[in-house]
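The values are calculated or read from the model by the stated rules, or taken from the named source; none is laboratory data. Small disclaimer: the values here were computed from a predicted structure and weren't measured. Cβ sites come from the backbone with ideal geometry, for glycine too, and all protein chains shown count toward neighbours.
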Amino acid sequence: MTGYDVDVLIAGAGPVGLTAALQLTRWGISVRLVDAAHGPATTSRALGMHARSLEICDHLGILGDIAPHGTRVNAFIRHHAERASRVDYDFGGLATQFPYMFNIDQAITERVLRGHAASAGTEVEWDTRLESFQHDEDAVTATLLSGDDSGATRETVRARYLWGCDGGHSTVRKTLQLPLAGEAAHTWLIADAVVHTDLERDGVHWLFPAGGALMAFPFPDPGKWRLLDTTGEGEPEHSGQIAQQFSTKLSQALGCDTTVDNPTWASKFTIQQRAVPSMHVGRCFVSGDAAHVHSPASGQGLNTGIQDAYNLAWKLAMVLHGHADAALLDTCDTERVPIGQALLASTGEVMNTAMVDSPAGNTKDTGDSDREFMHKLIRNMSGLHIAYPDSPLTMPGDKSGAGPRPGQRLTQISAADAQSPGWTALRALLRTSAWHLLAFTGSTYATTQDQVTAQTRSLPTWLDKVTISRHRLDETDQGVWDPDGRVQDTLAATDGDWILVRPDGYLSARGTGDASLRAALQRLASLLPR
């Protein structure tokens, strides 16, 4: 690292920056993580974590630390004319271990990520602001300002890469002159408060008092809700007024007296619907709110940001370790920029629909349209539909067939399947920082060396091979014993098949036999030149 102070300088220690730091550090990359704030945030912000983000938390090995602090949301519940219609979560055939939304305070999510990042070797440097930077083809030279105004100190840091996870007012994005294209939309009011109500606490509620719409999201804390008023009425600093306003509107929408306590936090904001056309310039990157800002109505900000970080971290690590050329980093734009653009359309639709009392716009029969809209909303929010079929890293081959296909998530499994012996072992192995070659065998005494032999003897160091067999494996073999065949059945794989899995859990390729594996690895090598 001669001539460099650090591999990656990350600006912003929210959930996106923390995910980035955790992953990079686990890959053996040196990281500095700075944030201008005096310390961890304590006020409430993002609340909902969706299915794909929960899969990532499982992959990161942090889900067990998050789970005790949240609550499951299983349905959308629409209230109209004092009646309630419930639509339970249904992902339309998209299998997942986590068929629900998980409400957890962002402050807790950050605390868990912070602890794991520190355990891996990277701690947050608070009171440290990215003041400015310059970049060229060799490095990024950044100026950091630390401490308060009375005793601030400046430091120059030379990094191989700069990663801006510094929010909607990103210094990194502004310095790179990346346009945040889009428009300002509606002004909404949000408040967190205890509500004295018997509303079902496993659902997101959508209500329609006179003049505008409300939404209510349950906190894990007893009686506490996040309330959203699409009219934007009220002044956040007048907590008593806000409490009375929500009490009146909820009473009207529910047809019964409903009392709201003074909120613990309230905010009024104008929603921005904007995204960048590119997420990197040279050695500088932006992710999360630094790259796309949008309506909070479907809770996509934190989730998409974590997915951005999960996509880029392993690519940066491979380049920094010399396993791939810097051209690999271009796939971040190829894969994630379209996701940000699509997000504007989907959240815009949710935002506009939330303003009216029916997705169909006051028709006589709204039941079917409500269900259709909410099923679509649930599917889009989950993140399970995100795939990279057109990525340069995806080798489609035969596009037909059962099981996950190239470009899709590997873990398209139910909770019951995830807890089978084979999947439990495989999920643990997939948490290592590497690509994985899954080789399937049905032979009683088969070992990895018996499968795809010509290639597995000379696999690159960044690729771990894993044999999956219905029979016990040799003690020296790294593999998965799949006694009930759940892994092979859910992946639609048989003896002699193989699957090439990226570090972020997406399939790059799949096939049968040594010849097809050789061709796939040769193509992958051409995509990851050194």
(request) May I ask you to verify whether Ala327 is under 24 Å from Arg409 (Cα atoms), modelled with pLDDT of 95 or more, of a type in the set (Gly, Ala, Ser) and assigned to a helix (DSSP H, G or I)? (result) no
(request) Take Asp477 and decide whether it is at pLDDT 90 or above, touching a helix residue (DSSP H, G or I) at 6+ places or on another chain (Cβ under 6 Å) and assigned to a loop (DSSP other than H, G, I, E, B). (result) no
(message) Only one of Ala243, Ala210 is surrounded by 20 or more Cβ atoms within 10 Å (Cβ to Cβ), outside any strand (DSSP E or B) and without any contact (Cβ under 8 Å) to a residue 60 or more places away in the chain. Can you tell me which?
(response) Ala243
(message) Just the residues that are crowded, with 16+ Cβ neighbours inside 10 Å, among the basic types (Lys, Arg) and within 22 Å of Leu250 (Cβ to Cβ), please, taken from the range 72-116.
(response) Arg78
(message) Let me confirm something: among Leu199, Leu144, which residue is farther than 30 Å from Gly70 by Cα and not polar (S, T, N, Q)?
(response) Leu144
(request) Name the helices (runs of 4 or more DSSP H) wholly inside the range 38-145 in which the number of residues that are touching a residue at least 40 places away in the same chain (Cβ under 8 Å) is 3 or more. (result) 51-60, 106-120
(message) Take the residues in the range 292-324 that are in a helix (DSSP H, G or I) and among the small types (Gly, Ala, Ser); name whichever of them is surrounded by the fewest Cβ atoms within 10 Å (Cβ to Cβ).
(response) Ala317
(message) What's the number of the only condition in (1) on the phi > 0 side of the Ramachandran plot; (2) at pLDDT 95 or above that Pro263 fails to meet?
(response) (1)
(request) Return yes when Leu22 is of a type outside the set (D, E, K, R), under 18 Å from Gly305 (Cα atoms) and not assigned by TED's automatic domain parsing to the domain that holds Asp138 and no when it is not. (result) no
(message) Going residue by residue through the range 10-28, is there one that turns out to be of a type in the set (Val, Ile, Thr), in contact with a strand residue (DSSP E or B) (Cβ under 8 Å, 6 or more places away or on another chain) and either within 25 Å of Tyr506 (Cα to Cα) or surrounded by 17 or more Cβ atoms within 10 Å (Cβ to Cβ) (or both)?
(response) yes
(request) Scan the range 190-199 and give yes if some residue there is outside any strand (DSSP E or B) and touching a residue at least 12 places away in the same chain (Cβ under 8 Å), otherwise no. (result) yes
(message) For the range 150-182: of the residues being in a helix (DSSP H, G or I) and in contact with a helix residue (DSSP H, G or I) (Cβ under 7 Å, 6 or more places away or on another chain), which is surrounded by the fewest Cβ atoms within 10 Å (Cβ to Cβ)?
(response) Arg173
(message) Of everything in the range 275-291, what is crowded, with 19+ Cβ neighbours inside 10 Å and within 20 Å of the chain's Cα centre (by Cα)? Give them in sequence order.
(response) Ala275, Val276, Met279, His280, Phe285, Val286, Ser287, Gly288, Asp289, Ala290, Ala291
